[in-house]
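Step one of this worksheet: look at the structure below.
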Amino acid sequence: MKKALNTICLSIATALFFCLPASGKNFNYAWFMSLKKDRRDTFMRQPLFITFSQDGNRAYVVDGTGKLFSYTMDRGVPKAAFFASGMLNKPIAMAKLSATRIAVVNRGTNEIDIIDLKTRKIEKVKMKIIPDKMFYSNGNFYILDRLSGDIIKINGKFEVEQIFKHGAKDGFIDFKIKNNNIIGLLPLSRAVKIFNIDTGKLKRTIKLDNKKLVLPISIDTDADGYIYICDKDAGNIKIYNDEGKLMDIILNRGEKRGELYYPSYITFDKQGKLWVAEEGNGRVEVFDRQNAKDKK
């Protein structure tokens, strides 16, 4: 009897071991909140990009219909928003330059608009590239050029200083700046390239296990260096290690709370929460890696 019991326990332990991710890492994300609707009856319809203030107190969402939203980080309450009344033409990304100035990528006019939030004055900078995703760091703009597929470093005078070349048949579709590195996603090649942000040198290329990867659209990495890929058509997030091995698949396709319908952008905040912009559901949802109870 004792021998049979030991055999059963061993079988259960073995089964549990093989159900875990290969690293034993917990990738269980619970729904934390959805960003609330604006009381002025103006709300997001096509969220495309999410960024945060340096102090970590505000989240900013770019809506492709021509609106910019700001929210509190803790409860997703809408704060002051900039509704440009036709001034913004298909905005795709934004960056906070200072407490009173922001930069917005207008793909409809192929320009970057520098906006003074106090005076509402706009300085328009026409670009020779086709600007897409954009980040601002140490006085420089890092912009994805959809024409070449490369990532361009541009100084405060809008002069090109460095080019991070994709070196593949396809170009980058998204990128993040993490730990003094630029991490770019190649959607057709199913690969990730990592550059040193100072030297521009390619550090490594990671080929992703693409057996279950349908339409990779956005990328980020967590504090442990795991790679998160937003799979738009599949409606989920796939997690890879630094060798490109698929570790886990989180979240599911759907329209209910906590489900994803054509997610288009992902990013982590400083607290490690995962923010997901969904074009299909017209919302932004936030997920917590801890086993936290749902918050209303």
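The values are calculated or read from the model by the stated rules, or taken from the named source; none is laboratory data. These numbers come from a predicted model, not from an experiment. Here Cβ is always computed from backbone atoms with ideal geometry, including for glycine, and neighbour counts include all displayed protein chains. Just the protein is used for accessible areas: all its heavy atoms, side chains included, with ligands, DNA and RNA removed. Shrake-Rupley method; radii C 1.70, N 1.55, O 1.52, S 1.80 Å.
Would you confirm, using the coordinates I've provided, whether ALA234 is at pLDDT 95 or above and assigned to a loop (DSSP other than H, G, I, E, B)?
yes
Can you go through LYS201, LYS169, LYS211 and tell me which one is out of contact with any strand residue (DSSP E or B) (no Cβ under 6 Å at 6 or more places or on another chain) and either open to solvent by less than 30 Å² (accessible area, probe 1.4 Å) or without any contact (Cβ under 8 Å) to a residue 12 or more places away in the chain (or both)?
Working: LYS169 fails: either open to solvent by less than 30 Å² (accessible area, probe 1.4 Å) or without any contact (Cβ under 8 Å) to a residue 12 or more places away in the chain (or both); LYS211 fails: either open to solvent by less than 30 Å² (accessible area, probe 1.4 Å) or without any contact (Cβ under 8 Å) to a residue 12 or more places away in the chain (or both).
Exactly one residue qualifies, and that residue is LYS201.
Considering only residues that are out of contact with any Lys or Arg (no Cβ under 7 Å at 6 or more places or on another chain) and among the acidic types (Asp, Glu), look in the range 248-264 and name the one that is most open to solvent (accessible area, probe 1.4 Å). Please lay out each step first, then the result.
In the first step, residues of the range 248-264 are kept if they are out of contact with any Lys or Arg (no Cβ under 7 Å at 6 or more places or on another chain); the result is 248, 250-258.
In the following step, the residues that additionally are among the acidic types (Asp, Glu) were identified as 248, 255.
Working: ASP248: 48, GLU255: 123 Å².
Ranking the candidates gives GLU255 first.
Quick one: which residue in THR109, THR42, THR100 is at pLDDT 85 or above, β-branched (Val, Ile, Thr), surrounded by fewer than 20 Cβ atoms within 10 Å (Cβ to Cβ) and within 23 Å of GLU279 (Cβ to Cβ)?
Within the list THR109, THR42, THR100, the selection yields THR109.
Just to be sure, is LEU251 among the aliphatic types (A, V, I, L, M) and touching a residue at least 60 places away in the same chain (Cβ under 8 Å)?
Taking the combined requirement at face value, the residue satisfies it.
Filter the range 170-223 down to the residues that are within 22 Å of ALA95 (Cβ to Cβ) and aliphatic (A, V, I, L, M) and list them by number.
Across the range 170-223, the qualifying residues are ILE173, ILE177, ILE182, ILE183, LEU185, ILE194, ILE197, ILE217, ILE219.
Which residues, counting only those in the range 187-219, are under 17 Å from ALA234 (Cα atoms) and not charged (D, E, K, R)?
Once the filter is applied, which keeps residues that are under 17 Å from ALA234 (Cα atoms) and not charged (D, E, K, R), the range 187-219 yields PRO187, LEU188, LEU208, ASN210, LEU213, VAL214, LEU215, PRO216, ILE217, SER218, ILE219.
Please state which one of ILE115, ILE154, ILE182 is open to solvent by less than 40 Å² (accessible area, probe 1.4 Å) and over 22 Å from the mean Cα position of the chain (by Cα). Don't jump to the end; show me each part of the working.
Details: ILE154 fails: over 22 Å from the mean Cα position of the chain (by Cα); ILE182 fails: over 22 Å from the mean Cα position of the chain (by Cα).
After applying the criteria, what remains is ILE115.
Which one of these does ASN210 not meet: (1) in contact with a Cys (Cβ under 7 Å, 6 or more places away or on another chain); (2) outside any strand (DSSP E or B); (3) among the polar types (S, T, N, Q)?
The single condition ASN210 does not satisfy is (1).
With the checklist (1) surrounded by fewer than 20 Cβ atoms within 10 Å (Cβ to Cβ); (2) in contact with a Pro (Cβ under 7 Å, 6 or more places away or on another chain) in hand, flag the one item ILE143 doesn't pass.
(1) is the only condition that ILE143 fails.
Is it true that some residue in the range 265-278 is open to solvent by 50 Å² or more (accessible area, probe 1.4 Å), touching a residue at least 12 places away in the same chain (Cβ under 8 Å) and either closer than 25 Å to LEU186 by Cβ or part of a strand (DSSP E or B) (or both)? Don't jump to the end; show me each part of the working.
We begin by selecting, within the range 265-278, every residue open to solvent by 50 Å² or more (accessible area, probe 1.4 Å); these are 270-271.
With the extra rule that they be touching a residue at least 12 places away in the same chain (Cβ under 8 Å), the set shrinks to 270-271.
Pick out the ones that are also either closer than 25 Å to LEU186 by Cβ or part of a strand (DSSP E or B) (or both) and you get none.
No, the range 265-278 contains no residue that is open to solvent by 50 Å² or more (accessible area, probe 1.4 Å), touching a residue at least 12 places away in the same chain (Cβ under 8 Å) and either closer than 25 Å to LEU186 by Cβ or part of a strand (DSSP E or B) (or both).
May I ask you to verify whether LYS245 is on the phi < 0 side of the Ramachandran plot and either surrounded by fewer than 14 Cβ atoms within 10 Å (Cβ to Cβ) or in contact with a helix residue (DSSP H, G or I) (Cβ under 7 Å, 6 or more places away or on another chain) (or both)?
No: the conditions fail for LYS245.
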